[in-house]
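Heads up, the thing below is written out as structure tokens.
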Amino acid sequence: ENDSFDVDFASRVLDKCGFDFHSFALPLDHIFRRFSREEYLKLRREQLVGLAEQACRTAIDRWGGDGRDITHLFWGTMTGALDSPTIDVQLVKKLGLNMDVERTSIEGMGCLTGFRLLNLARQVSLSDPKARILVVAADLRSALGNSMPSKPTREDIVSVSLFRDAASAAVVG
């Protein structure tokens with residue numbers, strides 16, 4: 001237990017975020033438990049791809065088209081690690097997209113990732129009206145809480161309070 005943890009400050013920050021609830025992919029007993037590197041990578045591999053796949057399926061359903069008509073897949077995340085095969089390749093297979101779909105992966109741009117992906121999709125769709133671009137951004141930020149220092153500062157608390165586990169996707173074009 002951390003007696004120096006400012007629970008009152010953390011509660012005020014969470015209240016001011018304006019969220020009705022926070023989403024996380026971790027089991028409850030893993031929240032704020034420190035992970036080994038191997039545990040983090042396993043969680044990322046299992047949960048991040050699942051969040052992204054679910055968002056993509058919803059976007060394709062809402063679009064109403066056939067996933068095989070997707071010409072581009074633009075993927076982005078701030079949740080860092082290296083996977084092989086990469087997450088965009090995993091998504092192509094899981095979603096049944098054509099293996100020759102043009103893929104672009106943007107990682108490490110923080111909050112700008114989604115904006116950058118959508119801007120690229122806009123550029124492609126303006127240059128090729130037949131293009132159908134599946135844009136997906138996903139993050140597994142609950143792991144941030146698991147890597148907080150043993151005596152977190154107010155900045156640490158704000159950082160883990162603002163971002164949660166989520167994914168969003170859209171078909172552009």
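The values are calculated or read from the model by the stated rules, or taken from the named source; none is laboratory data. All figures in this text were calculated on a predicted structure; none of them were measured in a lab. Positions of Cβ are backbone-derived with ideal geometry, glycine not excepted, and every protein chain shown enters the neighbour counts. Quick note on the areas: whole protein, heavy atoms, side chains included, nothing else; ligands and nucleic acids left out. Shrake-Rupley method; radii C 1.70, N 1.55, O 1.52, S 1.80 Å.
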Check your understanding: Roughly speaking, what is the stretch gain from ASP83 to ARG103, that is 0.36 nm per residue apart minus the C-alpha to C-alpha distance, in nm to one decimal?
Key -> 5.7 nm
**Study point:** Carbon/sulfur fraction of accessible area - the chain, other protein chains in place, 1.4 Å, %
**Key:** 53 percent
Review point. Any idea what angle helix 49-63 forms with the longest principal axis of the chain, computed on alpha-carbon atoms, 0 to 90 degrees, nearest 10?
Key: 50 degrees
**Study point:** Solvent accessible area, Å² - VAL158, 1.4 Å probe, full protein context
**Key:** 50 Å²
Review point. Taking K and R as +1 and D and E as -1, what net charge do the other residues with C-beta under 14 Å from the C-beta of PHE163 add up to?
Key: -2
Study note, to complete from the structure: CD proxy, 222 nm, the chain: helix-only mean residue ellipticity via -39,500 (n - 2.57) per DSSP H run with n ≥ 4, per residue, nearest 500, stands at -12000 deg cm²/dmol
Review point. Using unit Cβ charges (K, R positive; D, E negative) and no other charged atoms, how large, in debye to the nearest 20, is the dipole of region 84-148 about its Cα centre?
Key: 140 debye
**Study point:** Separation of the GLU46 and ARG12 label points, Cα + 7 Å toward Cβ, nm
**Key:** 3.8 nm
**Study point:** Alpha carbon convex hull of region 61-154, projected area averaged over orientations, nm²
**Key:** 7.8 nm²
Check your understanding: Which whole-number percent gives the relative contact order of region 53-173, counting Cα pairs below 8 Å spaced six or more residues apart?
Key -> 34 percent
Point to revise | Cα centre as origin, Lys/Arg/Asp/Glu Cβ charges: the chain dipole, Debye | key: 380 debye
**Study point:** Top positive-direction residue, dipole computed over region 64-160 with Cβ charges, set SER142, VAL124, MET109
**Key:** SER142
Review point. Over all Cα pairs of the chain, how is the pair count split among 5 Å bins, expressed in % and running from 0 up to the last occupied bin?
Key: 1, 8, 16, 19, 17, 13, 10, 7, 4, 2, 1, 0
Check your understanding: Can you give the net charge of the other residues whose Cβ lies under 12 Å from the Cβ of ASP69, counting K and R as +1 and D and E as -1?
Key -> +2
Revision key, fill the gap. Region 60-116, Kirkwood Rh and Cα Rg, ratio Rg/Rh at 0.99
Point to revise | Cα-derived Rg over Rh, computed across region 108-173 with Rh taken as Kirkwood radius | key: 1.18
Study note, to complete from the structure: Here FRET efficiency (C-beta to C-beta, ARG34 to LYS130, R₀ 35 Å, nearest 0.05) is 0.10
